[in-house]
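The values are calculated or read from the model by the stated rules, or taken from the named source; none is laboratory data. The shown structure was predicted, so the numbers you read here are calculated from the model rather than taken from an experiment. Ideal geometry is used to build each Cβ from the backbone, glycine not excepted, and the neighbour counts take in all protein chains shown.
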Amino acid sequence: MPMEIDEFEEAEDEEELTTGEAIVGFLLENDENAWKRSEIAGAIDRDPNTVATNLSRLKNRDLVRHRENHWAITKDRVRLKEAIRTSNALGGLNEAFGPIVENEEDAQAWSESQPDEPHPSVVDDK
């Protein structure tokens, strides 16, 4: 049975999104409300535990806000645009040259090579 081309293209776009990208997209499109983790998970069709992990990471990057059981997109649109731009650039590099980390051993080596102290240019203003 044939599929409408719009549906075909939307399905392809959705499959390519990471959970973090799907969360940001959903919250940005629905920025008039704050949402529970389970509502976000249902809307983007992802596991609630995976959504919870990603929400915490996004919060650490100040890309989402959290109050009690609800989550919303950041008010800082400049920060959000920069994060999206960076993500798009990295995605393009991965597509062109392959991922930096290809397996668990690479991930472990990458993790172990990180400095113990933050870079001097990083200022903790929290």
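One line per residue, one yes/no per condition, for (1) exposed (fewer than 12 other Cβ atoms within 10 Å of the Cβ); (2) more than 20 Å from residue 32 (Cα to Cα); (3) in the same structural domain as residue 16 (by TED's automatic domain parsing); (4) of a type in the set (A, V, I, L, M, F, W, C):
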| site | (1), (2), (3), (4) |
| --- | --- |
| 53 | no, yes, yes, no |
| 64 | no, no, yes, yes |
| 70 | no, no, yes, no |
| 81 | yes, no, no, no |
| 95 | yes, yes, no, no |
| 104 | yes, yes, no, no |
| 107 | no, yes, no, yes |
| 120 | yes, yes, no, no |
I'm told residue 45 meets every condition in (1) exposed (fewer than 10 other Cβ atoms within 10 Å of the Cβ); (2) in contact with a strand residue (DSSP E or B) (Cβ under 6 Å, 6 or more places away or on another chain) except one. Can you identify the failing condition by its number? (2)
Residue pairs qualifying under the 8 Å Cβ cut-off, at least six apart or on distinct chains, with the first in the range 26-47 being within 16 Å of residue 68 (Cβ to Cβ) and the second being at pLDDT 95 or above and in a loop (DSSP other than H, G, I, E, B), are 36/69; 37/69
Kindly provide the set of residues from the range 83-93 that are surrounded by 11 or more Cβ atoms within 10 Å (Cβ to Cβ) and over 14 Å from the mean Cα position of the chain (by Cα), ordered by number. 93
Would you confirm whether any residue within the range 103-124 is in contact (Cβ under 8 Å) with a residue 12 or more places away in the chain and β-branched (Val, Ile, Thr)? no
Need a quick list: helices (runs of 4 or more DSSP H) entirely within the range 13-126 having at least 3 residues that are of a type outside the set (S, T, N, Q), out of contact with any Gly (no Cβ under 9 Å at 6 or more places or on another chain) and at pLDDT below 85. 77-97, 104-112
Between residues in the range 65-93 that are of a type outside the set (Asp, Glu) and residues that are assigned to a helix (DSSP H, G or I) and at pLDDT below 95, which pairs lie under 6 Å by C-beta distance while being six or more apart or on different chains? 74/80
